[in-house]
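Structure, as structure tokens:
The values are calculated or read from the model by the stated rules, or taken from the named source; none is laboratory data. Predicted, not measured: the structure shown is a model, and the values here were computed from it. When we count neighbours, we look across all protein chains shown, and the Cβ atoms used for this are built from the backbone with ideal geometry, even at glycine. Note: accessible area is taken over every heavy atom of the protein model, side chains too, but ligands, DNA and RNA are not part of it. Shrake-Rupley method; radii C 1.70, N 1.55, O 1.52, S 1.80 Å.
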Amino acid sequence: METPEPDRREDQSFPSSSSSSPSNSRVEEEETDGRSNGDNFDEQQRMRRSRTYHVNLLVSDVEVSEDDIWSALAVLVTFWFFASMTMILGFYGSGNLQLGPNCSRLIQTNPFFVQSIKAWIYFLNKGSGLDITYRVKPTSSSPLTLVIAQGSESLAEWIEDPSYGNATLSWNIIYGSGRIQQEIPKSSTYYIAVRNLNPEFVEVELVFNIKSVLYNTTEAYYKCSLYNRLCSLKLSLLGANVAVITSPGPKEGIPNDDWYVSLSYGPRWAMYFLVAGVVTLLLVTAFKFYNKFQNSSEDTTEFQAEEGQSVQTPLLSPKDDDTLSWGSSYEFISNNEEDLDECLAVSSLEGRLTNEGDSNNTRHLCVICFDGPRDCFFLPCGHCAACFTCGTRTSLDVSSAPPSYKQLQIYKAISSSRSTAAYPPPPHPIMAAPRFAAPSHILPSVIALSLLSLGFVIYKVDDFATQTKTLAGHNLQPTPWHFFPPKTFTDETLHDRAYKLIHCSYLACRYKSNEVPERRRPPSSRAKAPKCPEFFRWIHHDLEPWARTRISAAHLETAKQHAAFRVVIVDGRLYVDLFWACVQSRAMFTIWGFLQLLARYPGRVPDVDIMFDCMDKPIINRTEHESMPLPLFRYCTDGDHFDIPFPDWSFWGWPELNIHPWEEQFGEIKRGSQERSWKKKEPFAYWKGNPDVSSPIRTELLNCNDTKMWRAQIMRQDWEAEARAGYEHSKLSKQCNHQYKIYAEGYAWSVSLKYIVSCGSLTLIITPQYEDFFSRGLIPKINYWPISPNAICPSIKSAVDWAQGHQSEAKAMGQRGQDFMESLSMDRVYDYMFHLIMEYSKLLDFEPDIPASAMEVCTESLLCLADPKQREWLKRSTAYPSPSPPCTLPSADSNLIKRWKRKKQETMDAVEDMNPKGRRR
């Protein structure tokens, strides 16, 4: 502010009247001889007239408000969340790698964001080559198709449309003999497939020569074997950022040399927080400069006056030729210096004029209270008609005002009454307004940044979703030891599927309810536990191989090579690590069984770590693994394998075949068996099923379809046709109309055994190779009649002939079989599961821990992944807390088990001797 020396002029004037015109507002001066206010007021007037002032409302020091800080934090949190999650779950999310023999794969990361690389124990690098020699027999056959597909998705597209070759890397028509060479343009997994679209049978001989590009690891500064343990490579911030995973060469006698590696990245959290701090400083600085720019450009008002004349920048732009401005602030704040002095004089004396006789003195008083001076201005209209007190009260009460007054703001004219020479009063009113914050663009900025980040995340969400494995089979390949067509999910879009996978896998269990269903009363401490069935003693027998050595973490890691998934229970919560896909919904319904066990006996199930294979045949051979028996759970076992039998998935339902949960299905079968009396049932042996499952027993059984010669009726089951017909002709309750029913194993053990025995007909069991957990409780000639697998048709005829001559005994035998299955309620199934897991947990020599790659599974997350029909079946098999404790497990008795085995074999030998010797087939 500039303060020049005053000019001592003697003429004195006092404002008396004013007139307004459309173009200008003039103030006429009149002399007054009354100086009632004394010399002090005259001196003030002379000082005001003789000084030149430059009043600049400039913002010299802008402070960042609290709202700006919170806005910066909002932007920061939004950016940090989307950016970090994109890095951690997108670019550096966990995944699985498949390595063939003599294979190496380069893993490259950014050490600023990745701190470690972790790997748990047919990939071709770029530059490799394939040389395929083929020979088709007979040479006169129609052409075949051979493709080389990059990735499983490319292979799946080709399988759906074999005539479309653009989905594959190489699409070739082959016939006779020839050679195909292919360079590998990109490091990836490759599949080689041959398809025969012709009705004739052909034989194709393929010879592969693979030129692999391997990375040299001889001079690596850190090496770690993935065999049976976790490897973790720490990365320095500015050091090496690559790792190479290699696999050994092929071994003789091992048909499958593939290695499957689970890979994950450890985030460098310090770098993420450092970046967050830098972004915070940048945002705060940006807001500070933004506010400074806004205030300097919008809130600055400058007044300049030359000697003897005042120059003022009005608060509002002049309204030329506007009659609506009469009475507004433009009448008082004009470009006329004398008019401004007059207004200030009135304001400085609080509205009291020196000339009491002036009749126009009310012109400068508040039109509301007629007491205070008009010392405020209303914006945006610019009127000056009230004192600051009344104006403030008026501006706050605009509820009933027109819409244009809703944004009314008030500015006060401030003047100083000090008249000292050092600090003379200003000659003009200083229009000071409340400091309003500059228009905030924080919310649009947050929204824009969020949308940008969200758009990038959505762009990467498909990649993230392809790394998420689910119990429904998403992103899982079929088991190598039992191949079946990969599962396809075409009923939803990619983004819908990705949202479903992320929601079901990562969010569903976070908000699950901890309330326990109250259908049954909780178990009472006084309730007496029933006694378990005798066949529960087999639990001790199945776990006997580990009674001496116990089960170590090395046992489980080795068994992992043969497992489809891993089940870990810690503190009553279930975690599943998926390795391979299972046929249909086996995995989903098996895991549902574990969840129902936890619901039935809450707080009682111990912590446990289990490797589980969901396919049919046992694979842990006793001879091969004698030195180190591997604990692997599955649905069946036999005397030559260590595999531990566990209740199969169909106890909770099999929606693909329209088979209901066990207790519900058994009730339907029993009612169906009672629709006809024993005498009215067909006197033939009956079997209906699918023979096309690579089963020699079922293939041989087709030859017995002769009711006169072999007393048997054999029917082929077409499940695809049944599905189209709504399963009307395959209902199990409608298949109890024969006096004798046949059980024949399929590819291995079959779930059909429990449904066949449940009919109450005399069950003819073709001596099985495999047994499930309950079938070892069935006793020949007590619950069923054994059929020799060496002479199937004659044995069936012999059994029917015997039964026809012993009707009461045959009927009683069938009834005992049905009674046995009725005793196998879901209560006993859960008890068997409970005692098996309890005894198994006692053999662990380590504390079960949650694997890094495992995901928690709860009722909500599993139902979220299920399709509508699966969800219906699952809900119908929901378990509730048991009102009584589990049944009492019989003690181990190996001698009793041996006697059972010996007696069973003797009975079967005796029955086989009854068969006609000369009519065996």
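Which of rounded, prolate, oblate describes the range 621-661, given a ≥ b ≥ c as roots of the alpha-carbon gyration tensor eigenvalues and a/c under 1.5 marking rounded, otherwise prolate only if a/b is larger than b/c? Because a/c hits 1.5 or more and a/b exceeds b/c, the range 621-661 counts as prolate. One chain, two ends: Y747 and H806. Fully extended at 0.36 nm per residue, the span grows by 17.9 nm beyond their Cα-Cα distance. Net charge of the neighbourhood of A581, taken over other residues with C-beta under 10 Å away and scored Lys/Arg +1, Asp/Glu -1, is +3. Note that the range 821-921 carries a Kirkwood radius of 19.2 Å, evaluated over its alpha carbons pair by pair. From the square roots a ≥ b ≥ c of the eigenvalues of the alpha-carbon gyration tensor of the range 560-610, which class results: rounded (a/c under 1.5), prolate (a/b over b/c), or oblate? It comes out oblate by the Cα gyration axes. In a fully extended conformation the segment linking F208 and D718 would gain 179.8 nm over its present Cα-Cα distance, using 0.36 nm per residue. Among the listed pairs K500/K560; K731/K797; K126/K211; K126/K487; K670/K754; K186/K469, those whose Cα-Cα separation exceeds 18 Å are K500/K560; K731/K797; K126/K487; K186/K469. Note on N705/K734: beta-carbon distance plugged into 1/(1 + (r/R0)^6) with R0 of 25 Å gives a FRET efficiency of 0.80.
So which lysines can K223 reach, going by Cα to Cα under 17 Å and dropping same-chain residues fewer than 8 places off? List returned: K118, K234.
Based on Cα contacts under 8 Å between residues 6+ apart, the range 656-824 shows a relative contact order of 25 percent. Working note: Cα gyration tensor of the range 656-824, eigenvalues times five, square-rooted, sorted largest first, giving semi-axes of 21, 19, 17 Å. Beyond 27 Å in Cα-Cα separation lie the following of the pairs K741/K903; K681/K904; K531/K688: K681/K904; K531/K688. In the context of the full set of protein chains, the range 566-720 has a per residue accessible area of 37 Å² (1.4 Å probe). The value obtained for the range 728-806, namely the Cα convex hull volume divided by the number of residues, is 106 Å³ per residue.
Within the shell defined by Cβ-Cβ distances under 10 Å, the residues around P789 carry a net charge of -3, with Lys and Arg each +1 and Asp and Glu each -1. Positive contributions from Lys and Arg (+1) and negative ones from Asp and Glu (-1), summed over other residues with Cβ under 9 Å from the Cβ of L863, come out at +1.
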